[in-house]
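Presented below is the structure to which this report refers.
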Amino acid sequence: MFIGEYKISMDVKGRIAVPVKFRNNLAAGAVLTRGLDNSLFLYPKAEWEAIAGKLAALPLAQANSRAFARLMLAGAWDVEIDKQGRMIVPDYLRQFSNLTKKVVAAGLYNRIE
């Protein structure tokens, strides 16, 4: 479970340090994607697979279902955490969320926002 709020600085290469408290839950892999309200969602790989399955099952005939699935699935990025506990936030996700130098990582049960 992810809980807590952390202030992080992003470097010029778009890297942020994942809070130490969150790293063990992301050791098996993680996925970063567009979230709601111009935020980003970071999910452990297993949690993402469950969510992606639910998104793929949304009815294609409904425009809002297609739009939501497109937002989440097309924006997804496989995250690799380096030996220093940092991950790269790709440019298109930085632009989507208007990230600059100051970042807040908030633990929200099954994801980091």
Residue (of GLN62, ALA27, MET10) at the positive-pole extreme of the range 6-108, dipole from beta-carbon charges: MET10
Euclidean distance of C-alpha centroids, the range 50-110 and the range 2-34, integer Å: 13 Å
Lysine pairs with alpha-carbon atoms under 18 Å apart, the chain, spacing 8 or more or separate chains: 9
Where a label projected 7 Å from the Cα of GLU80 along Cα→Cβ would reach, residues of the range 30-71 with amide N under 17 Å: 30-32, 45
Förster-model FRET efficiency, 22 Å R0, LYS21 and ARG94, C-beta, rounded to 0.05: 0.40
Probe 1.4 Å, accessible area per residue of the chain, Å²: 61 Å²
Under-5 Å amide H pairs with ASN110, H placed in peptide plane, nonlocal only: PHE2
Other-chain or far-sequence residues with amide H under 5 Å of GLY35's (modelled H): LEU40, PHE41
SER65 paired with VAL104, simple spin-label distance in nm, labels 7 Å along Cα-to-beta-carbon: 3.4 nm
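The values are calculated or read from the model by the stated rules, or taken from the named source; none is laboratory data. Nothing here was measured: the structure is a model prediction, and the numbers come from that model. Virtual Cβ from ideal backbone geometry, glycine too; neighbours counted across all protein chains shown. Heavy atoms of the whole protein, side chains included, go into the accessibility calculation; ligands, DNA and RNA do not. Shrake-Rupley method; radii C 1.70, N 1.55, O 1.52, S 1.80 Å.
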